[in-house]
Structure formats: structure tokens, C-alpha cells
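All remarks here apply to the structure that follows.
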Amino acid sequence: MPRDTHRVAIVFPADPAQGLETSLDESRFAPTAAALRAEGLEVVGAPYRDEDAAAVREILMGAHGALVWVNPITDGRDRSVLNTMLSEVSAAGVLVSAHPEVIGKMGTKMVLHHTRHMSWGADVRHYPAFGDLEAGIGASLATGPRVLKQVLGHSGGGVWKVSLAALDDPAGGLLVRHAQRGSVEEGMTLDAFLDMCRPFFDTPGGLIDQAYQDRLTDGAVRCYLVGDTVQGFGEQLINALYPAEPGAPADTAPQPGQRLYYPPTREDFQPLKTRLEDIWLAELCQATGVDRSDLPLLWDVDFLYGPKDDAGADTYVLCEINMSSIYPYPERAIAPLAAAARTRLESRG
């Protein structure tokens, strides 16, 4: 294929009924495909299902780059088949974004532990084995409410707020709330909670234990990046684990609200943007061993508000980094994404 016209494959979820016949230009990624074409790139669709992995591999082997939007964990599956195929394609010289190796280093909850020493860090502990959880959870809870997170997960699945209950609580010991939409806080004994967590250690990774942030009620900020540049913000004022009003029943806690999108010029987020681009990205790359040039073409970083500093300014605590399937994303990020894809492909020849 001549290198003066680079071909980009968009890997996106196939319609179960249509499989490989799923139309890219009738999908939610049609505007992104149009922007890539406007940059002079040839665009092909690669609708993905595990059972079609071999056929999708052939599509990608005929492209110069692959932009991947496939959920990491859905319908009881994982990314093992997809990751193997993408790694093979990358080894053959195709640009893959986001690359499975980069996702493994930055795009799981382990990044909270790897970067806990940074100024965006908090009190974060890792329980790689069930025995580590048994041995450490008591001392951890004694410091205050905690948020326990499976290393792999999305959409609030595998995330719990856990705190000590009042001494006279008849449920016995803990208050536990799952972060998935619709969940409510419930009483649970420590032994029951440990039993619930035991299956999470059947696969590698374990659990991350992070201090709960009291300013959760002030909302959360998502920074959308193209490579190493913030290209938009998302703000969600009512988030998972948002508490009920003091003294109100646990089931009155508001459910997560809509995420609103803003341009990268939003004035009050400029200190966060500057800190992320100028300081934290370099520290993140150093902590995880990822070269800045290998950062995904589209990814996002979620922050909670930490305690205000001595001058009354906001501080931020890393909540998670998302790289596996960034959607939805701000419309204004599409053009920079397309331009960055062209630039990165041209730099490879």
C-alpha cells in the first residue's frame, strides 16, 4: 500500500446481529471517521466480536493504524482475545491506539498505587492476594472510610465504599455501598464482606484500597487528552457513591447525574490543565515506564477534589485513568484526534 495515503481502521463494537457487516458510517463513530477522512486519511471499519477476531486481524493488517473503541469488560468477557490480536498487529508494524501494553501500565486501577507518591496521590494500598486483604483491611478502615476497587472494571462495577458502622449497629461492623447505579448502602459484617471479595482474587490483580475523598459532593472532573494535550473537560456534579443527606435513609442518596462537556479553555480548570500537562504527565510516564510518544491518541483522566490547600485553592486526587474505550467524548476533541492520528502516522513513514 503506498505510504502517501495512510489507512486507518476504526475498531468498534459489532452489532451482534450484523457482525462484520456492521456499518461504521451508521455508528456513533461516524463523525470521527469523517474527521479522519478530512485529514486525508483512508478510513475502514473493523466491527469487532471475539468470534470475528481473525477476520478483524486481516482488516487491521491491511491498515497503517488502528483506533480501538471496545469495552474492556462486558457480557462476562474480557479483553484477552482482543489484546492478543492487537499485540500481533502492532508487532507487524501497525500503529495501535490504545495499545494493550499501555493500557496495562496506565489504564487499570493499579495506576493509583503506582503513582500514590505523586501530588495527585492519596493513601492507596494494594491487596494482591486474599490474605493481604484479610491482614490489612482492619487497619485501613481504622483510618476512615475507604474505596475498594477491582484492578479491572468499568462503570462502577467492582468498586465499593466501605466504612466502619456505629458500634451499636445491629448489622454488625461495616457499611458497604457498591458504586454501580442503583446501589444503596447496606450493613454487612466484616466476614461477609471478605467472603464477597474472595472471588475477586481468582484472577491476577487483586484489589486497590484508596482513602474516600470527603469532597466527593463537589463533583468530579474528567480531562480528555489527545496524546499529551488536554482537549476538553467533563464535569459530573453527582457521582457514584454520592452520599445521602445527613440523617436521611441510605436509599435516598442521589444517583449519578449527567456529565457535562466543556472546552479546554474553561477558566476555572486551567490550573488543573497546566498541572496535568506540565507536571503530572511526565511523572506518570516515569512511574509507569510509558514513553510520552506512546500515549493513546484519545484517553481521559478522572479527578476528585482533595482538601483545599493553605491558600484556599483546589487540590485534585486521581480517581482513575480510562484508555480502553473512551466514549462518549467531547465533539471538539474529534478534530484534534484526527490531526494527531495523521501526524503520528506520518512520523512513522
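The values are calculated or read from the model by the stated rules, or taken from the named source; none is laboratory data. Computed from a predicted structure; not experimentally measured. Cβ atoms come from the backbone with ideal geometry, glycine included; neighbour counts cover every protein chain shown. Areas reflect the complete protein model, heavy atoms only, side chains present, ligands, DNA and RNA absent. Shrake-Rupley method; radii C 1.70, N 1.55, O 1.52, S 1.80 Å.
Structural remarks
- Bridgeable lysines around LYS105 (alpha carbons under 24 Å apart, same-chain partners fewer than 8 residues away excluded): LYS149, LYS273.
- Once the 1.4 Å probe is applied to the protein heavy atoms, region 236-349 comes out at 49 Å² accessible per residue.
- With all pairs of separate Cα atoms included, region 14-99 yields a Kirkwood hydrodynamic radius of 13.5 Å.
- Rounded tilt (10° steps) of 80-91 against the dominant C-alpha axis of the chain: 40
- Distance between the 7 Å Cα→Cβ label points at ALA339 and THR274: 2.3 nm.
- Portion, in percent, of the accessible area of the chain that falls on carbon or sulfur, probe 1.4 Å: 50
- Note on LYS109: aspartates and glutamates with a C-alpha under 15 Å away, same-chain residues under 8 apart excluded, are GLU101, ASP123, ASP209, ASP300, ASP302, GLU320.
- Most positive-pole-ward Cα, MET85, THR108, GLY45, against dipole of region 36-108 from beta carbon charges: THR108
- With a Förster radius of 30 Å applied to the beta-carbon distance between GLU346 and VAL44, the computed FRET efficiency rounds to 0.95.
- Share antiparallel - DSSP beta bridges, the chain, percent rounded to 5: 75
- Options [x] 24.9; [y] 20.0; [z] 21.6 - which one matches Kirkwood radius over Cα pairs in Å as calculated here: [z]
- Estimated 222 nm signal from helices in the chain, with DSSP H stretches of n ≥ 4 weighted -39500 (n - 2.57), rounded to 500: -7500 deg cm²/dmol
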